[in-house]
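The values are calculated or read from the model by the stated rules, or taken from the named source; none is laboratory data. What you see is a predicted model; the values in this text were computed from it and never measured. Quick reminder, even Gly has a Cβ in these numbers, built from the backbone with ideal geometry, and neighbours come from all protein chains shown.
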């Protein structure tokens, strides 16, 4: 089944970069305003936390784009763009940023994506960063890794009641291995229980119960061409960060 893509990833990239610019501008303002009070703190390290936060926003926006059909190379392009913007805004300190995209399995050029028939979808970015920040009174160096991971796990079962199949799915969503909230869900199933089918039915009004801890219970009725056809369900979930996760799950007959 081919899912529809959108341009939401590109829009969110722009939004994330604007947010990052605002964060850096705020930090620079604080640097100027507090110079007289912070006698023992160099302006070189006053806004490094904002820089790190900006990197995370940039990685998230790249994953939004990638999960919506963009090329994996957008991660490197966005980080280079973010660093270029940062250098232009660093008036009171000299920044020398660098990054290395992880190529340790399962990552390739900093990106790991898996959206398959096992009921699990993972989209992740991982990179190592280093920054030299030199101010008038001190030089600061920092190294750290940033990982951004969205994961969806889906299991399910169904009951055959005459010609209908009563399906129940359990969806668990996480960000960086912590429970996360979903922005939206879409469910559809193959009418003839075959992956080769071109006929899929979208569930218009599934019953979704939010447990409030990243777990969702979903129930709906499916009617396949034959009563003994298996149930194949395509699940699309967009988390609150805008990252799209998609996977295929085959509920078991209970």
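Residue 139 - would you say it is over 25 Å from the mean Cα position of the chain (by Cα) and surrounded by fewer than 17 Cβ atoms within 10 Å (Cβ to Cβ)?
yes
Suppose we keep only residues that are more than 28 Å from residue 53 (Cα to Cα) and not in a strand (DSSP E or B) within region 113-172. Which one would you say is modelled with the highest pLDDT?
Filtering first and then ranking leaves 119.
Tally up the residues in region 179-209 that are closer than 21 Å to residue 155 by Cβ and free of Cβ contacts under 8 Å to residues at least 12 places away in the same chain, please.
Of the residues in region 179-209, 1 are closer than 21 Å to residue 155 by Cβ and free of Cβ contacts under 8 Å to residues at least 12 places away in the same chain.
Testing residue 170 on (1) without any contact (Cβ under 8 Å) to a residue 60 or more places away in the chain; (2) touching a helix residue (DSSP H, G or I) at 6+ places or on another chain (Cβ under 6 Å), one condition comes back false. Which one is that?
The number of the failed condition is (2).
Which of the residues belonging to region 163-194 are under 30 Å from residue 225 (Cβ atoms), out of contact with any strand residue (DSSP E or B) (no Cβ under 8 Å at 6 or more places or on another chain) and surrounded by fewer than 18 Cβ atoms within 10 Å (Cβ to Cβ)?
163, 192, 194 - these are the residues of region 163-194 that are under 30 Å from residue 225 (Cβ atoms), out of contact with any strand residue (DSSP E or B) (no Cβ under 8 Å at 6 or more places or on another chain) and surrounded by fewer than 18 Cβ atoms within 10 Å (Cβ to Cβ).
Taking residue 160 as the residue in question, decide whether it is touching a residue at least 40 places away in the same chain (Cβ under 8 Å) and not assigned by TED's automatic domain parsing to the domain that holds residue 116.
Considered against the rule, which asks whether it is touching a residue at least 40 places away in the same chain (Cβ under 8 Å) and not assigned by TED's automatic domain parsing to the domain that holds residue 116, residue 160 comes out as yes.
Restricting to region 66-103, name every residue that is at pLDDT 95 or above, touching a strand residue (DSSP E or B) at 6+ places or on another chain (Cβ under 8 Å) and in a loop (DSSP other than H, G, I, E, B).
72, 102
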